[in-house]
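Data first, discussion second: the structure below is written as structure tokens.
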Amino acid sequence: EQGVAEEEAAIKSTGITYVHLPLNGAAPDPKVADLFLVAVADAKNQPAYVHCGGGGRAAAMWMIKRAMRDGWSTERAAEEAQAIAPLSPGLKDFATKYIAGHR
């Protein structure tokens, strides 16, 4: 987790609020999506910079945000997510099911 600590220090040095929400891409936890939606809705966290090592987990969370908070269709949100980073079938399925179960 040294890389996470270094990333946190670098982000905080810019004045940006740092929120660490680890998401296991192989077994994503809906509670992380719940926390993510709260974090990106908080005005003190705007503008939001969403990052993960490969991009897919960040894209899945952004897909959920677009559908749940911005009113986008799941299909439109998935298209944007794919443009951000390739979504694994598992992450796309997770995001799609999360959206369907929380609307």
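The values are calculated or read from the model by the stated rules, or taken from the named source; none is laboratory data. Since the structure is predicted, the reported quantities are computational estimates derived from the model, not experimental observations. Using ideal geometry, Cβ is built from the backbone for each residue, glycine included, and neighbour counts are taken over all protein chains shown. Only protein heavy atoms, including side chains, enter the accessible area calculation; ligands, DNA and RNA are left aside. Shrake-Rupley method; radii C 1.70, N 1.55, O 1.52, S 1.80 Å.
Let me know the shape class of region 6-63, please: from the alpha-carbon gyration tensor, a ≥ b ≥ c as square roots of the eigenvalues, rounded when a/c is under 1.5, otherwise prolate if a/b is greater than b/c, or oblate.
Details: a/c = 2.06, a/b = 1.39, b/c = 1.48.
Oblate, because a/c is 1.5 or more while a/b does not exceed b/c.
In square angstrom, what is the accessible area per residue of the chain with a 1.4 angstrom probe? Walk me through the numbers on the way to the answer.
Values: 6210 Å² over 103 residues.
Ligands and nucleic acids excluded, the result is 60 Å² per residue.
For residue 72, which sequence-distant residues (separation of 5 or more, or a different chain) have an amide H within less than 5 Å of its own amide H, given hydrogens modelled in the peptide plane?
67
On a 0 to 90 degree scale, rounded to 10, what angle separates helix 89-102 from the longest Cα axis of the chain?
80 degrees
Gain in length, residue 103 to residue 83, computed as 0.36 nm per residue apart minus the alpha-carbon separation, to one decimal in nm? Before the final figure, lay out the partial values.
On the way: separation 20, 0.36 × 20 = 7.20 nm, distance 2.36 nm.
Value of the extension gain: 4.8 nm.
Treating cross-link reach as a plain straight distance, find the lysines whose alpha-carbon is under 28 Å from the alpha-carbon of residue 12, omitting any fewer than eight places away in the same chain.
In chain and number order, the partners are 31, 44, 65.
Sorted by packing (mean other beta-carbon atoms within 10 Å per residue), highest first, where do 56-68, 15-27, 86-98 land? Display every interim value, and only then the final one.
Working: 56-68: 24.2, 15-27: 12.5, 86-98: 17.7.
The most tightly packed comes first, giving 56-68, 86-98, 15-27.
Taking all protein chains as present, what is the carbon and sulfur share of the accessible area of the chain, in % to the nearest whole number, probe 1.4 Å?
Values: 3430 of 6210 Å².
Here carbon and sulfur together make up 55 percent of the probe-accessible area.
What is the spin-label model distance, in nm, from residue 43 to residue 12 if the labels are put 7 Å beyond Cα along the C-beta direction?
Label at residue 43, label at residue 12, 2.5 nm between them.
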